[in-house]
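Where a number appears in this text, it was derived from the coordinates with a stated rule and is not lab data. What you are looking at is a predicted structure, and each value in this text was computed from that prediction instead of being measured.
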Amino acid sequence: MPRLGTHKLYYLLQEPLVSHGIKMGRDKLHKLLQGQGLVLKKHKKYVKTTDSRFWVWKYPNLLENLVITESEQAWVSDITYVRVGRDFNYLSLITDAYSKRIVGYCLSKCLSAIGCMEALDMALSTRTKLIACIHHSDRGSQYRSDPYVTKLTNAGIAVSMTQDGDPYENAVAERVNGILKSEFGLDRTFRDHRHATRIVSQSIDKYNSKRPHASCDYLTPIQAHEQQGVLKKRWKSARRTQEQFP
């Protein structure tokens with residue numbers, strides 16, 4: 001995880017720092033990283049993957065004001081682009097809203113519903129609990145398609161969608177997109193589809209098994225997936241400086 005932020009790096013370094021007799025706070029570690037030129041500046045790139053220009057029936061936002069207390073209670077979905085040569089591939093992701101574990105994904109060469117359907121099939125194969133589940137997404141045509149909605153309905157999963165195209169209505173999914181790109185290098189350009197697919201798979205495996213989440217009491221997604229009850233958030237919503245602690 002070469003782009004892991006200072007907060008999480010400091011958390012993971014606690015044991016080796018103590019065992020080597022090194023006394024160093026988080027701020028001092030951040031200054032050390034700055035001095036060595038290891039603090040990365042974030043660059044925003046945007047490619048539109050959602051087409052919601054036209055009036056269509058939209059499902060209600062079932063996650064609004066919902067308190068999520070265990071895994072498989074709600075999934076959030078989104079599509080993000082990956083640069084391959086001079087073209088784009090499209091990564092469909094389904095993330096468990098409680099544990100932040102990516103439960104389904106597919107890297108597709110086109111922006112049709114096919115990639116979303118494959119990601120959904122993977123997510124459905126991971127289910128282990130007989131509890132009500134909500135599938136939340138933006139209003140993209142892929143998620144409104146009859147085959148996709150039918151597959152959700154047949155699995156007994158309720159359909160939920162954003163209401164106004166506001167990314168904050170699907171914040172967890174947007175955040176996962178950003179983590180994979182900014183911390184795991186999916187913002188680079190890959191040689192071909194095969195190369196990109198391999199790196200995406202490796203990155204998601206590392207994300208699920210190794211990356212601690214501040215929103216999940218610094219548990220990895222796989223660890224958090226086995227918990228129950230509201231997980232402690234280890235971050236503060238304070239205004240940060242330009243060189244932030246991720």
- Query: Given the pairs LYS58/LYS109; LYS100/LYS232; LYS100/LYS210; LYS100/LYS233; LYS100/LYS181; LYS181/LYS206, which span a C-alpha to C-alpha distance of over 21 angstrom in this model?
  - Reply: LYS58/LYS109
- Message: Report, to one decimal in Å, the Kirkwood hydrodynamic radius for region 74-225 based on all distinct Cα pairs.
- Response: 15.6 Å
